[in-house]
Amino acid sequence: MLINIHRTSNFRGYSTFFGVNTDPESRGSMHEAICVGPENPRDTGTIRDANQWPVDLPGFKAPVLDLYASVVGLGKVIFYLFALDLPEDFFDDKTKNPAAVMQILHYPPQTGIVDDRIVGIGAHTDFERFIILLQDDVSGLQVLNTANQWIDVKPILGALVLKT
């Protein structure tokens, strides 16, 4: 595939079903994704390749970039909430050129014979400061609590889940 995430140094583009595997015990992650970052990356000392866009979907790029800008804006607001006891502009220089990557994920329904080696995505630790997840009404998301127990996150259509 021309826009495969494995063609870039920072995984921008399309990830196929089973194209990512966070758990060596599984067969891979049962999802597909489009991963994007800033459209005009600046040289800030981080790995920043350009976004890859599907050529056969001409109306796709603009709304995805609009969504990306909105999510980055929300992320900046969340940083201000973290800084309640700090100067109001504390995170300004740290979020001026964010290296944020947005993934638009599709997890298909898993029906039929259950194979524990096929999961949407295996247990993992995210490396970002925080993750913003827009929920649908399908269950499946779990988080590890401080007692080291996996708990289900009740799906609430349109709700945002913040993982820190």
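Which of the residues spanning the stretch 26-37 are open to solvent by less than 20 Å² (accessible area, probe 1.4 Å) and either within 16 Å of the chain's Cα centre (by Cα) or modelled with pLDDT of 85 or more (or both)?
Listed by number, the residues that qualify are Ser29, His31, Ala33, Cys35, Val36, Gly37.
Sort out which residues of the stretch 1-17 are farther than 11 Å from Gln103 by Cβ, open to solvent by 30 Å² or more (accessible area, probe 1.4 Å) and in a loop (DSSP other than H, G, I, E, B), and write them in order of number.
Scanning the stretch 1-17 gives Met1, Leu2, Ser9, Thr16, Phe17.
Of all residues being open to solvent by less than 50 Å² (accessible area, probe 1.4 Å) and outside any loop (DSSP other than H, G, I, E, B) in the stretch 122-145, which is modelled with the highest pLDDT? Just the residue, please.
Restricting to residues being open to solvent by less than 50 Å² (accessible area, probe 1.4 Å) and outside any loop (DSSP other than H, G, I, E, B), the top hit is Ile132.
Give the stretch 79-95 a look and list any residue that's open to solvent by 70 Å² or more (accessible area, probe 1.4 Å), under 25 Å from Leu134 (Cα atoms) and not in a helix (DSSP H, G or I), or say none.
Within the stretch 79-95, Leu84, Lys94 meet the criteria.
When you go through (1) at pLDDT 75 or above; (2) under 29 Å from Asp49 (Cβ atoms) one by one for Val119, which number turns out not to apply?
(1)
Answer yes or no as to whether Phe91 is aromatic (Phe, Trp, Tyr) and under 20 Å from Asn40 (Cβ atoms).
no
Taking only the stretch 52-78 into account, find how many residues are touching a residue at least 24 places away in the same chain (Cβ under 8 Å) and either open to solvent by less than 80 Å² (accessible area, probe 1.4 Å) or not in a helix (DSSP H, G or I) (or both).
Final tally of qualifying residues: 12.
The values are calculated or read from the model by the stated rules, or taken from the named source; none is laboratory data. None of the values given here were measured: they were computed from a predicted structure. All Cβ positions, even for glycine, are placed from backbone atoms using ideal geometry, and neighbour counts span all protein chains on display. Surface areas here come from the heavy atoms of the whole protein model, side chains and all, with no ligands, DNA or RNA. Shrake-Rupley method; radii C 1.70, N 1.55, O 1.52, S 1.80 Å.
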